[in-house]
Amino acid sequence: MRVFHGSDVRVEKIDLSKSEYFKDFGRGFYVTNNRDHAYLRAMDIIKRRDSEKPIITEYNYIEAYPLTVKMNVKKFENVSREWVEFIMLNRNKNISHPAHNFDIVEGPIANDKMVIQIRLYEQGKMSIEELIKKLTYIEPTHQICFCTIASLYALELVEEEEAYSAIDEISGSILEAMVIDYKMSELSAIKLFYSSELYNKLSNTKTLLWQEPWQNIYEQLKKTIQEC
């Protein structure tokens, strides 16, 4: 399975000591099979750290490996009572952590909308049945948490190719031009460019857009900006 990690740096060597506690599935290295979700996570990070741009690191998740070495793996297929209780356990700051002994945990993400509903349940303002019903209709999400050093052997870094290097150079040139031409801040330019359909097309190496001069690509972007 191809999975993605969103941040403000490319993560080639994973260091679990840098992971935070009290996350959905506990402390660990998180990835998703949805590139858009990884991008949104990266955008959150650059806002918080005032970084330059979102960076998506890609990995191959060798799903057969945990089974071969008999790792302790937990997979939540969808939102359920067990999933809610597991998240509440990991987010509980009043107990010792780690709160479980799984090597790998996979399942939905408890996004902001879900967390609000879970808190109402914790406060006794709705039943577990009502909570599950509400959460089921929220857009599906996905995450995998690699909780132990041993579990990281199931991840294989996807090496950068010439195309990705070219995409980075093109992106840098376009962002500089946007700041000058539109007199916007670097952060505003980053938000606009990396959320555009043009960047989605550029980052898809199969379109071969990255082989064109950056000036041509920038002209396409300017037309989009003018139409907004």
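The values are calculated or read from the model by the stated rules, or taken from the named source; none is laboratory data. None of the values given here were measured: they were computed from a predicted structure. Using ideal geometry, Cβ is built from the backbone for each residue, glycine included, and neighbour counts are taken over all protein chains shown.
Kindly check whether there is at least one residue in the stretch 123-143 that is among the hydrophobic types (A, V, I, L, M, F, W, C), closer than 25 Å to Gly6 by Cβ and in the same structural domain as Arg81 (by TED's automatic domain parsing).
Step one: filter the stretch 123-143 for residues among the hydrophobic types (A, V, I, L, M, F, W, C), giving 126, 128, 131-132, 135, 138.
Imposing the further condition that a residue be closer than 25 Å to Gly6 by Cβ reduces the set to 135, 138.
Then keep just the ones that are in the same structural domain as Arg81 (by TED's automatic domain parsing); that gives 135, 138.
So far as the stretch 123-143 goes, yes, one or more of its residues are among the hydrophobic types (A, V, I, L, M, F, W, C), closer than 25 Å to Gly6 by Cβ and in the same structural domain as Arg81 (by TED's automatic domain parsing).
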Val11 passes all but one of the listed conditions (1) touching a strand residue (DSSP E or B) at 6+ places or on another chain (Cβ under 8 Å); (2) within 21 Å of Leu131 (Cβ to Cβ); (3) surrounded by 12 or more Cβ atoms within 10 Å (Cβ to Cβ); the exception is number (2)
Residue hits (the stretch 181-221; in contact with a helix residue (DSSP H, G or I) (Cβ under 8 Å, 6 or more places away or on another chain), over 20 Å from Tyr164 (Cβ atoms) and in a loop (DSSP other than H, G, I, E, B)) are Met184, Ser185
Result of the Cβ filter at 6 Å on the stretch 29-52, keeping first residues that are of a type outside the set (Phe, Trp, Tyr) and partners that are assigned to a helix (DSSP H, G or I) and crowded, with 18+ Cβ neighbours inside 10 Å, at least 6 apart or interchain, is Thr32/Ala38
By residue number, the members of the stretch 60-90 that are under 19 Å from the mean Cα position of the chain (by Cα) and either basic (Lys, Arg) or not assigned by TED's automatic domain parsing to the domain that holds Lys133 (or both) are Lys75
Filtering the stretch 57-69 down to residues that are surrounded by fewer than 17 Cβ atoms within 10 Å (Cβ to Cβ) and touching a residue at least 12 places away in the same chain (Cβ under 8 Å) yields Asn60, Ile62, Glu63, Tyr65, Val69
| When you look at Asp15, is it of a type in the set (D, E, K, R), modelled with pLDDT of 95 or more and more than 19 Å from His142 (Cβ to Cβ), yes or no? | yes
Of those in the stretch 185-219 that are more than 25 Å from the chain's Cα centre (by Cα) and surrounded by 15 or more Cβ atoms within 10 Å (Cβ to Cβ), the residue farthest from Glu58 (Cα to Cα) is Tyr218
Pairs returned, first residue in the stretch 185-207 that is of a type in the set (D, E, K, R), second residue that is at pLDDT 90 or above, beta-carbon separation under 8 angstrom, 6 or more apart or interchain, are Glu186/Leu175; Glu186/Val179
